[in-house]
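The values are calculated or read from the model by the stated rules, or taken from the named source; none is laboratory data. Only a predicted model underlies this, so the values are computations on that prediction, with no experimental measurement involved. Note that we place each Cβ from the backbone using ideal geometry, even for glycine, and neighbour counts take in every protein chain shown. With ligands, DNA and RNA removed, areas are computed over all heavy atoms of the protein, side chains included. Shrake-Rupley method; radii C 1.70, N 1.55, O 1.52, S 1.80 Å.
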Amino acid sequence: MPQGQEADGQALAADAGSAAVRQYVAANSESLLRTLLDYVAQPSVSTTGEGVAEAAERGAGLMRAAGLTAEILPTPGSPLVIGSAPGRRDSPRVMIYGHYDVQPPGPLDEWQSPPFRPEVRDGRVYGRGTGDNKGQHLAHLLALRILTETTGGLPCPVTVVLDGEEEVGSPHFGWAADRYRDRFGADLVLWSDGPVHDSGQAAVVLGVRGILTFELRVRGARYPVHSGNWGGVAPNPAWRLVEVLSALRDPVTGRALVDGFYDDVLPFTPQERKVLDDIPGDLAAALAELGAQAPEPPADRALYERLAAWPTFTINSLSCEDAGEHRTVIPSVAVARCDVRLVDEQRSERVAGLFRAHLARVAPDVEFVPGRAMEPSRTPLGSPHLAAIRSGAAEGLGEEPLLLPALGGSLPIHVFTGQLGLPCYGVPFANVDEANHAPNENLELDRFYSGITASAAILTRLAAEPASGTEAKAGGPA
Ligand SMILES: [Zn+2]
């Protein structure tokens, strides 16, 4: 924040703008809720394509209602919806990212009300996409509409981009950011997805872990053979696979024993160490919740350090082609499905290359089959705009947000930080038990409404900061 009288005046103006939005939300809660119910009622399942084109039209319509120009841009997959509106010229240009596609509904008989006929019960809206992610990006779109209606315009120039393929790994989002580069002009990116912190407290999220999936395959005989008639003769790919796997990880430290794996994992700065230590989280309670005795090695790491700061190497499943009933055979192929969660400067292609090179050296008979990848994203703690976003979120959500350096999971925001060089900030609005991806997905109405107020407060605070904007870029060491 700038110093002195001018700063006080700007903060006061920001508070007045937010107060007007808060009043508007309180007076119009019914019609805002109807807009949400309407949007959620439109299916948009990216895995099957159900309703996707219609949902893109709805998204564009909501943008136009908020005073944005809106375009539906084709990609090799589901279309992208993008719209923008001008604001005060010396303010930072804000891009808001969300996704209009949803997960498939899953087992219908486990839903208490139909997934695409949203229903309000006990202060929550139930329906597929309420929290993930229609309710959350709609809160931003409604904030834009209300700011324009109550103050005559937006405090900052804003672009909203809605991905139609987030739930299938956003395979064309990076492509679209390149192809439509002229629409992606911004100084920072804001997104709201996933729930608030486990404790229920609001949070500002600075990054995500990336992911690389792959299979390790070992082949034996040309077909499965009788374990008596051929036992002791036919090579067993299952034994070979578990022997190779066990040499790929240190059982005490938990470190992946792949040469170069940790080269791009950055050491903590004192500031990062403090932020991690300040996040409330109880490892013992988390394990009890899981019904598990001991955590993954190493033993001496706190919960959020595990989730946010370190890469993991996970075996997802082990199988032979004869999985099923117990038959006394020697399998002909054994497969380990694996994933690696990436952090900091690790990149999927380099890590895949490290696995390949390592296996070529120690186990050339093991085949490495790459799957999908998403890069990690990291906005440094010292990045610009963070103070404005934290104070706007605090004002709109009614509590000081926690600072989370990274989420354990993955989102395609590396496109912003890595590809476009923009700092990227997450402010989740959904409740912890939103049941995203599960039956009975829901969003607490109070969080929907406070999300609208928070979005308006954040934009107003951003507009009040000095227009220094872009001196520090994301991606580098904090
Ligand atoms: Zn999702």
### Message
Compute for the range 338-478: radius of gyration divided by Kirkwood radius, i.e. Rg/Rh, restricted to C-alpha atoms, rounded to two decimals.
### Response
1.08
### Cα-only radius of gyration and Dmax that characterise the chain, units Å
24.3, 90
## Note on the structure
The answer for the per residue Cα convex hull volume of the range 183-310, in Å³, is 239 Å³
### Length-normalised contact order of the chain in % [C-alpha pairs under 8 Å, at least 6 apart]
25 percent
### Message
Restricting to bridges with both residues inside the chain, how much of the DSSP beta-bridge set is antiparallel, in percent to the nearest 5?
### Response
70 percent
### Query
Over what distance in Å are the Cα centres of the range 342-390 and the range 397-444 separated?
20 Å
### Summary
At q = 0.12, 0.25, 0.28 Å⁻¹, the log10 of I(q)/I(0) for the range 123-192 from a Debye sum over equal Cα scatterers comes to -0.44, -1.21, -1.28
### Message
Heavy atoms of the protein only, probe of 1.4 Å, neighbouring chains included. What is the accessible area of residue 88 in Å², nearest 10?
### Response
110 Å²
### Charged-residue dipole, Cβ positions (Lys, Arg, Asp, Glu), the chain about Cα centre, Debye nearest 20
920 debye
### Task
Quick one: grab the alpha carbon gyration tensor of the range 44-174, order the square roots of its eigenvalues as a ≥ b ≥ c, and give me rounded if a/c is under 1.5, else prolate or oblate depending on whether a/b is larger than b/c.
oblate
### Message
I need the helices of the chain that pass two filters: whole DSSP H segments spanning 27 Å or more by Cα along the axis, and mean Kyte-Doolittle score no lower than -0.5.
### Response
4-27, 445-464
### Sulfur and carbon atoms: percent of accessible area, the chain [1.4 Å]
52 percent
### Query
What percent antiparallel are the DSSP beta bridges of the range 82-219, to the nearest 5?
40 percent
### Task
Only Cα pairs under 8 Å and at least 6 apart count here; give the relative contact order of the range 405-449 as a rounded whole percent.
24 percent
### Query
Tell me, what is the per residue accessible area of the chain in Å², probe radius 1.4 Å?
43 Å²
### Task
Only Lys, Arg, Asp and Glu count, each charged at its Cβ (+1, +1, -1, -1), so figure out the dipole size of the range 228-316 about its Cα centre, rounded to 20 debye.
280 debye
#### Entry: Farthest toward positive dipole pole in the chain [+1 Lys/Arg, -1 Asp/Glu at C-beta], among 456, 65, 443
65
### Task
Report the relative contact order of the range 39-78, percent, no decimals, based on alpha-carbon pairs under 8 angstrom and at least 6 residues apart.
31 percent
